[in-house]
Amino acid sequence: MPFNIEETTKKYIQHINQLNEKLIEYSKKIEFKEIILNSPFNLELPENVGKLENCIYFIQLNNIKNSDAETICEHITNLKTEDKTTKYPRVNGNIGNGLNNILYIGKSKGKLQSRFNSHLKPTPKGTYGLHLENWHEQFKHIEFKLYYASVDLCEEDKDTDILEILESGLHLQVKPLLGRSGH
């Protein structure tokens, strides 16, 4: 056999342990900032925010009721059934206890404005995103907030899974209405 699976597994576990140590150090430095999105559907982020790279972010819904969260989830489920070509996010629903007002959690290795546009503006149907341009009309009464944090990755960590793992940890804890972990 050309590979010793026991040895490769041990090396991979060492790699994961080193990555875990880095993740803990990065997580200690993360500070979220917020922007209220009074009109999220035609929004340009402030230039200094839009240019940020290596970010994790989440979108919070304010002034909502349980019925709003349920209605959004039902609406996205229906859109996914009607339009199989547009890549809408996974519907998680209102998981957990009480009202969940976190709509979505994501990451952006490139410019945050570019990723944000894929959620809020008309984008190719094959791009995974919220595609709010297709469903926002009935939810205009909801205030959206964007929370974002730029992660100051050292050069050797830019091509690693650090952002994805930070996003997945946040996703596991918060359980947003839409989106999947580990993508």
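For the charge dipole of the chain, defined by +1 on Lys and Arg C-beta atoms and -1 on Asp and Glu C-beta atoms about the Cα centroid, which residue among N94, C55, T8 has the Cα displaced farthest towards the positive pole?
Positive-most Cα among the choices belongs to N94.
Return one whole number: the accessible area per residue of the stretch 124-183 in Å², for a 1.4 Å probe. Provide the component values of the computation, followed by the final result.
Values: 3010 Å² over 60 residues.
So the stretch 124-183 comes to 50 Å² accessible per residue, rounded to a whole number.
Which whole-number percent is the relative contact order of the chain (Cα, under 8 Å, 6+ apart)?
Numbers: 272 pairs, mean separation 65.3, N = 183.
Value for the chain: 36 percent.
I'd like to know which of S108, I30, P124 lies farthest towards the positive end of the charge dipole of the chain, counting +1 on Cβ of Lys and Arg and -1 on Cβ of Asp and Glu.
The one lying farthest along the dipole's positive direction is P124.
Given +1 on the Cβ of Lys and Arg, -1 on the Cβ of Asp and Glu, and no further charges, what dipole in debye does the chain carry about its Cα centre, rounded to the nearest 20? Intermediate values should be presented prior to the final figure.
Values: 23 positive and 25 negative charges, 60 e Å.
Roughly 280 debye for the chain.
As an exercise, use a Förster radius of 45 Å and the Cβ-Cβ distance of T9 and T127 to find the FRET efficiency, rounded to the nearest 0.05. Write out the running numbers ahead of the final one.
Details: r = 36 Å, r/R0 = 0.80.
The formula returns an efficiency of 0.80 here.
Please sort 156-162, 25-31, 103-109 by packing, taking for each peptide the average over its residues of neighbouring beta carbons within 10 angstrom, highest first. Could the numbers behind the result be given before it?
On the way: 156-162: 13.4, 25-31: 11.1, 103-109: 21.4.
Put in order of decreasing packing, that is 103-109, 156-162, 25-31.
Between beta-carbons, use under 12 Å as the cut-off and find the net charge around T86, counting Lys and Arg +1, Asp and Glu -1.
On the way: positive: K80, K84, K87, K125; negative: E82, D83, E133.
With Lys, Arg at +1 and Asp, Glu at -1, the neighbours total +1.
Which percent of the accessible area of the chain is formed by carbon and sulfur heavy atoms (probe 1.4 angstrom)?
The computed percentage sits at 50.
Want the number for Q173 to T77: 0.36 nm per residue separation, take away the alpha-carbon distance, what's left?
Numbers: separation 96, 0.36 × 96 = 34.56 nm, distance 2.30 nm.
Full extension of this stretch gives 32.3 nm more.
The values are calculated or read from the model by the stated rules, or taken from the named source; none is laboratory data. Please read these numbers as outputs of a predicted model, since none were measured by experiment. Virtual Cβ from ideal backbone geometry, glycine too; neighbours counted across all protein chains shown. In case anyone asks, the SASA skips ligands and DNA or RNA and just uses the protein heavy atoms, side chains included. Shrake-Rupley method; radii C 1.70, N 1.55, O 1.52, S 1.80 Å.
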